[in-house]
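Asker: Here you go, one structure.
Where a number appears in this text, it was derived from the coordinates with a stated rule and is not lab data. Owing to the predicted nature of the structure, the values given are computational and were not obtained by experimental measurement. Methodologically, a virtual Cβ is constructed for each residue, glycine included, from the backbone with ideal geometry; neighbour enumeration extends over all protein chains shown.
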Amino acid sequence: MYKLLLAVLPALIFFAVACSGDDDPPSVTSTPAAGVTIAPSPSAVTSTPSGASPTPASTVPPVDGTVFPQNPGSTDPTTIKSNPDPVTEAATLVDVRVGAHPESGGWDRIVFEFEDVRPAGLVEYVDEAANCGSGNTVTLPGEAILAVRFDATNAHNEQGQLTIDATELNGPGNIIVKSVGTCDFEAVVSWAIGLKSMKNYKVSLLENPARIVIDVKW
């Protein structure tokens, strides 16, 4: 009997060990609680190269900096102070350019750049624009006209050649439709800006180079 028990015992031990594996708990797949986000594994993360540029909000490139939201603008006339004040020589307009800024709700921008001196001037809404030489009415697209005048300023050199590339510019079209130079005579330069409608605008004065920037709300 003792010999029979010794012969059977190893088989009983092997059977007990083999059966003990069925007692392990099954694997559990958990579902995250509401409001909890489970981060993906590193292999599931798609990265964007650090040098990639975002898609622009407008097809028209922005010009000269950023439109800051602190100033909502106004439709009232704006007087521009010269630098230096008073001026000791006439300013020279050397560039006029337009662009679109989608920030702060969207603004179209027109920039007047000067050589060395920033002139005094006036920006205001007017009922119509006219050429200072002929007095003829200047027709502009849109429903409103923003007039810009610079005192003690020329847009030509001593030989009578223009110091800017053009006296007519199409706008980005969000609010500025077209801008036209209406005067360059006896040290007065003026432009008329055709707008889709009368909207708030604001004027910024920038240096190095001297610029007068007008932003019009979309």
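Asker: Could you tell me which residue of the stretch 164-186 is nearest to Asn131 (Cα to Cα), considering only residues that are among the small types (Gly, Ala, Ser) and assigned to a loop (DSSP other than H, G, I, E, B)? Please lay out each step first, then the result.
Answerer: First, the residues of the stretch 164-186 that are among the small types (Gly, Ala, Ser): 166, 171, 173, 179, 181.
Among the residues that remain, those that are also assigned to a loop (DSSP other than H, G, I, E, B) are: 166, 171, 173.
On the way: Ala166: 16, Gly171: 20, Gly173: 23 Å.
Ranking the candidates gives Ala166 first.
Asker: Out of (1) assigned to a strand (DSSP E or B); (2) of a type in the set (A, V, I, L, M); (3) without any contact (Cβ under 8 Å) to a residue 60 or more places away in the chain, the odd one out for Leu140 is which?
Answerer: (1)
Asker: Out of the stretch 117-166, which residues are surrounded by fewer than 17 Cβ atoms within 10 Å (Cβ to Cβ) and within 17 Å of Val213 (Cα to Cα)?
Answerer: Answer for the stretch 117-166, where residues must be surrounded by fewer than 17 Cβ atoms within 10 Å (Cβ to Cβ) and within 17 Å of Val213 (Cα to Cα): Leu122, Glu124, Tyr125.
Asker: Hey, can you tell me all the residues within the stretch 76-123 that are basic (Lys, Arg) and within 23 Å of the chain's Cα centre (by Cα)? Explain how you work it out, then say what you get.
Answerer: Residues of the stretch 76-123 basic (Lys, Arg): 81, 97, 109, 118.
Selection gives Arg97, Arg109.
Asker: Ok, one more. From the residues in the stretch 124-147 that are aliphatic (A, V, I, L, M) and under 17 Å from Ser204 (Cα atoms), which one is farthest from the chain's Cα centre (by Cα)? Outline the logic, then answer.
Answerer: Filtering the stretch 124-147 for residues aliphatic (A, V, I, L, M) gives 126, 129-130, 138, 140, 144-147.
Next cut, under 17 Å from Ser204 (Cα atoms) only: 146-147.
Details: Leu146: 21, Ala147: 24 Å.
Per the criteria, the residue is Ala147.
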